[in-house]
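Worksheet: one structure, shown below.
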Amino acid sequence: MPSASATNSSNSWQRRTQPSSFLGLPAKPLRRATSPKQLTIRRRSCRVIQQRDFRSGELEKEVDAIVLSPSQIKMKCPICAGSTFYDFRGRLNSRCSTCHSVERTRVAKLFIDKIVKLKPGARILHFAPEPGLSKFFQSLSLSAYEPCDLDPERYDIGMPIRKFDLCSDLGSLKESHYDLIVHNHVLEHLPCNYAVVLQKLQQAVKPGGYQLFSIPMQVGGYYREDLDRKLSSKERAEKFKQFDHFRMFGSLDFDRTVGMVLGIDKDYDLRDYFSENDLLAANIPKRWWRLCGASVFPVKRI
């Protein structure tokens, strides 16, 4: 016969798991993982917020820890719908086996689908074109899609790539011309003023269009830069994590660097745009939801 303490423990576990109905999940106890192969996503708390009159504030209800099993969160790449991922640069299951997307490119696609909402024929300028995103853009707007890079020979995306130097060719861009300009982890490679580059690209976006980009970022660090061409590849790798980088952005002064240039809120949180379940389903782990190197910024031109 079970002891009173065992019975209480069982009832407590059931009470903790009952709020799962708030998430659209079965309101029943969920088993904890019994094997390392069972990927579990631990949600330490979930806030269910009921808006009331602003004068009386908000009612917040804390929901205890819930464990989501693989059967409840089925990961699928939002770019190619692939469902298998492999380890990449020390990150477990971070890269899509089909289109080779990583966290930042999948976040970019989420923003494109929900915020940017491109229409067929949209004008798109895409720097350092990732294969998965490029394939999507080509299917949507082939005649108006312009992939660019300083070294076009590095890419094989099934169409010609325009050679473009962001430090010297910005004057060739037409103002208010593009519906979307995309560049992921490009600014750190530029031996020139990145702020001017961001401003010039924003001018090339149509009113109502977007500049969508990401940058490498040291969480808990500050911005640093060195444009000295005498630095060796080894020295650059030591200072900026890669042999061909000229800068590293930091989360602690983001509001005084990139955030200041384009008016981006330093309190970045993907949950302001997407549900937690949508992020997990796109294989965006919780550690990437706040300001970090996988953060993607959708900046609308007014």
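Among the residues of the stretch 254-266, is there at least one that is in the same structural domain as Leu170 (by TED's automatic domain parsing), at pLDDT below 95 and on the phi < 0 side of the Ramachandran plot? Looking for residues that are in the same structural domain as Leu170 (by TED's automatic domain parsing), at pLDDT below 95 and on the phi < 0 side of the Ramachandran plot, one finds at least one in the stretch 254-266, hence yes. From the list Phe213, Phe243, the one residue that fits, being farther than 18 Å from Val296 by Cβ and not small (Gly, Ala, Ser), is Phe243. Before we move on, is Ser233 out of contact with any strand residue (DSSP E or B) (no Cβ under 7 Å at 6 or more places or on another chain), in the same structural domain as Arg106 (by TED's automatic domain parsing), within 21 Å of Phe137 (Cβ to Cβ) and not aliphatic (A, V, I, L, M)? No; evaluated as a whole, the condition is false for this residue. Here Arg229 qualifies as touching a residue at least 12 places away in the same chain (Cβ under 8 Å), more than 25 Å from Ile112 (Cβ to Cβ) and surrounded by fewer than 13 Cβ atoms within 10 Å (Cβ to Cβ). Of Leu173, Leu166, Leu150, Leu187, all but one fail to be in the same structural domain as Ala128 (by TED's automatic domain parsing), more than 24 Å from the chain's Cα centre (by Cα) and not polar (S, T, N, Q); the exception is Leu173.
Scanning the stretch 282-300 for residues that are assigned to a helix (DSSP H, G or I) and surrounded by fewer than 18 Cβ atoms within 10 Å (Cβ to Cβ) turns up Lys286, Arg287.
Among the residues of the stretch 80-99, not a single one is at pLDDT below 95 and crowded, with 17+ Cβ neighbours inside 10 Å.
Taken over the stretch 203-227, the criterion of being in a strand (DSSP E or B) and within 16 Å of Met248 (Cα to Cα) is satisfied by Phe213, Ser214, Met217, Gln218, Arg224, Glu225.
Yes/no matrix, rows are residues, columns are (1) of a type outside the set (Gly, Ala, Ser); (2) out of contact with any helix residue (DSSP H, G or I) (no Cβ under 8 Å at 6 or more places or on another chain); (3) in contact (Cβ under 8 Å) with a residue 12 or more places away in the chain:
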{"residue": "Lys114", "(1), (2), (3)": "yes, yes, yes"}
{"residue": "Ala122", "(1), (2), (3)": "no, no, yes"}
{"residue": "His126", "(1), (2), (3)": "yes, no, yes"}
{"residue": "Pro131", "(1), (2), (3)": "yes, yes, yes"}
{"residue": "Ser134", "(1), (2), (3)": "no, yes, yes"}
{"residue": "Glu146", "(1), (2), (3)": "yes, yes, yes"}
{"residue": "Asp149", "(1), (2), (3)": "yes, yes, yes"}
{"residue": "Arg154", "(1), (2), (3)": "yes, yes, no"}
{"residue": "Gly158", "(1), (2), (3)": "no, no, yes"}
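For the stretch 263-274, a residue qualifies if it is within 21 Å of Val205 (Cα to Cα) and buried (at least 16 other Cβ atoms within 10 Å of the Cβ), and exactly one does: Ile264.
The values are calculated or read from the model by the stated rules, or taken from the named source; none is laboratory data. This is a predicted model, so every value here is computed, not measured. Cβ sites come from the backbone with ideal geometry, for glycine too, and all protein chains shown count toward neighbours.
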